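Asks: Would you mind keeping the following structure in view while I ask a few things?
Read-outs throughout are calculated quantities, based only on the coordinates presented, and are distinct from any laboratory measurement. Predicted model only: the values in this text are computed from it and were never measured. For neighbour counting, all protein chains shown are included, and Cβ atoms are generated from backbone atoms with ideal geometry for every residue, glycine included.
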Amino acid sequence: MASQENSTDGTVGKALDVLELVARQGRPVRFAELLRLSPLPKATLYRLVKTLVNQGMLAQLPENGPYALGPRLARLAESSMRQVSMADIAGPHLDALARDTGLTAELAELDHGHVLCLDRRYGVGTAPGRDAGGRIAPAYCTAAGKAMLAFLPEDALDMVLRSQTFHRYTSATLASEAVLRQSLVRIRNRGHAIDRGEYEPGVLGIGMPVVGEGGRLVGAVSLSASVHQTDLDRLEAMVPQLASCVKAIAEEATNWTFSVEGTTETKGRQEWPVSF
């Protein structure tokens, strides 16, 4: 995140920095924590937070609770993804994956160390239809996030891990960098990540990176379901179907570039090269 102290974009830049600060935590954040994390003076931060709440960019939970990303921000994100997104080419493949497995299929990308859901399709027995996405989740405790982290170059991974909070969402959360790094080695070796209910209690998942031409990491696809619908053995058995979906998306993405954590710019977007 750009330093709020050195922002050259005035009030708008500071407000955007506050939004990013909330997003980076991966959970609702109290004002006292924002104050501790932000270099802004208390009065300035308070004014910006209240303005963002009034504009629907942040939402305050009941009874003077913590702050979360607001509904207006989600609508803007959805509109942006409808205009330019890997979801444009991945949609039919996600539909087929959700239909064939009966589980929820999700397309995601890395955004400042977090997982941004671009598109979500539901299989039989789950919620009907599709979801245009917009959900933000931590990378270190989700299947799609860990799948992408495992295939980042080491310098990129170091940078991304510095932005993780390692908040323990469930008893299964990998709540330290050391434990996560050990898990990422195993994920890289087998080619896919497993979520053992690390972010949402009772929700299991598997994820696999989408790697484009020249080893470009452009995103990830995941399958998820509740423990009442599936188990880890059944998810592992679906790896070939997940791999086929990922391969199809990667092949169609050859002439596209997407917004992915990194430093190599193409057509105004950023991406990480991946070495195998």
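Asks: State the extension gain, in nm to one decimal, for the chain segment bounded by VAL239 and HIS167, taking 0.36 nm per residue of separation less the distance between their alpha-carbons.
Replies: Computed gain between VAL239 and HIS167 is 23.1 nm.
Asks: In what sequence, highest mean first, do 111-120, 185-194 appear when ranked by Cβ atoms within 10 angstrom?
Replies: Most protected by this proxy first, the peptides run 111-120, 185-194.
Asks: Amide H of HIS112: which non-local residues (sequence gap of 5 or more, or other chain) have their own amide H closer than 5 Å, using H built in the peptide plane?
Replies: The list, which skips near neighbours in sequence, is GLU261.
Asks: Can you classify the range 10-69 as rounded, prolate or oblate using the Cα gyration tensor, where a ≥ b ≥ c are the square roots of its eigenvalues, rounded means a/c under 1.5, and otherwise it's prolate if a/b beats b/c and oblate if not?
Replies: Since a/c stays below 1.5, the shape of the range 10-69 is classed as rounded.
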